[in-house]
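Colleague: Encoded as structure tokens, here's the structure I'll be asking about.
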Amino acid sequence: MRSLLVIDQRAANEVPVADPQSDQLSKKHTPRFLLETYGYHVLRAGDENKAVLQMGSADAVIFHLPLNEVKQWGTKLLKHKTVPMLWWCSAATASLSAAFCEDDVPVDGVLTPSMSEQELHWALHFGSKQCFERLQWMNERKQLEGRLEERKWIDMAKGILCKIKNISEAEAYDVLRKQAMNERKRMVDVATSIVKVYQILQDQK
């Protein structure tokens, strides 16, 4: 993980300052300065269009924003690419985030300006592991929801067959299974067809 995209809305509005020395001191506490000092390649974006363009080259995203803005950004960016997303917790972002600490924010870890190179490396490493565990969990949840949806259609079709044919649930299941085999279809597809045809017939009565 070497290429990091820093989301900082100030990046879109940077203007020259009157005191370059003061500006240099403040820059030493920014994600860009510290990450580049530790050898990372830093991409920056201050608006959504630029962020989406940079996502293709990024190994991770770091939000230098208040937590409520992190949630909005994270939801948008995850639609384009799944990468670890971490929050840069500086004094400024922390003070603006107190009201949102209980929110469900899509971050895989936290970085701070006081971290050493080794601490930051391990935080990124564990953030990466957390990201892919979250991705695996989301995939498993999607599969489970799909199976539950299939079960619902099959149960509805069994109920219809029990009613129409005056048979038991076990017999209705066998009818569905045999029909699926004969038509070389999935049982859920046969069940869905039965339910939809039955509903059309009921609506016509």
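Colleague: Would you point out the residue of segment 79-102, among those that are open to solvent by less than 70 Å² (accessible area, probe 1.4 Å) and assigned to a loop (DSSP other than H, G, I, E, B), that is nearest to Leu67 (Cα to Cα)?
Modeller: Ser97
Yes/no per residue for (1) touching a strand residue (DSSP E or B) at 6+ places or on another chain (Cβ under 7 Å); (2) in a helix (DSSP H, G or I); (3) of a type in the set (Asp, Glu); (4) modelled with pLDDT of 95 or more:
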| residue | (1), (2), (3), (4) |
| --- | --- |
| Gln130 | yes, yes, no, no |
| Glu133 | no, yes, yes, no |
| Gln136 | no, yes, no, no |
| Asn139 | no, yes, no, no |
| Gln143 | no, yes, no, no |
| Arg147 | no, yes, no, no |
| Ile194 | no, yes, no, no |
| Tyr198 | no, yes, no, no |
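Colleague: So which helices (runs of 4 or more DSSP H) stay within segment 1-68 end to end and still have 2 or more residues that are at pLDDT below 85? It would help to see each step written out before you state the result.
Modeller: Numbers: elements: 20-27, 31-37, 48-55.
In segment 1-68, 20-27 are the helices (runs of 4 or more DSSP H) which contain 2 or more residues that are at pLDDT below 85.
Colleague: Now a separate question. Starting from segment 40-68, take each residue that is of a type in the set (Lys, Arg) and list its partners that are open to solvent by 20 Å² or more (accessible area, probe 1.4 Å), counting only C-beta distances under 6 angstrom and pairs at least six apart or across chains.
Modeller: Arg44/Ala11
Colleague: When you scan segment 178-186, do you find a residue that is closer than 30 Å to Leu111 by Cβ, open to solvent by 60 Å² or more (accessible area, probe 1.4 Å), polar (S, T, N, Q) and part of a helix (DSSP H, G or I), even just one?
Modeller: Scanning segment 178-186 turns up no residue that is closer than 30 Å to Leu111 by Cβ, open to solvent by 60 Å² or more (accessible area, probe 1.4 Å), polar (S, T, N, Q) and part of a helix (DSSP H, G or I).
Colleague: Within segment 103-120, which residues are open to solvent by 40 Å² or more (accessible area, probe 1.4 Å), closer than 23 Å to Lys79 by Cα and outside any loop (DSSP other than H, G, I, E, B)?
Modeller: Val110
The values are calculated or read from the model by the stated rules, or taken from the named source; none is laboratory data. Keep in mind the model is a prediction, meaning the values are calculated, not measured. Neighbour counts run over all protein chains shown; Cβ positions are idealised from the backbone, glycine included. Just so you know, the surface numbers come from the protein's heavy atoms only, side chains and all, with ligands and any DNA or RNA stripped out. Shrake-Rupley method; radii C 1.70, N 1.55, O 1.52, S 1.80 Å.
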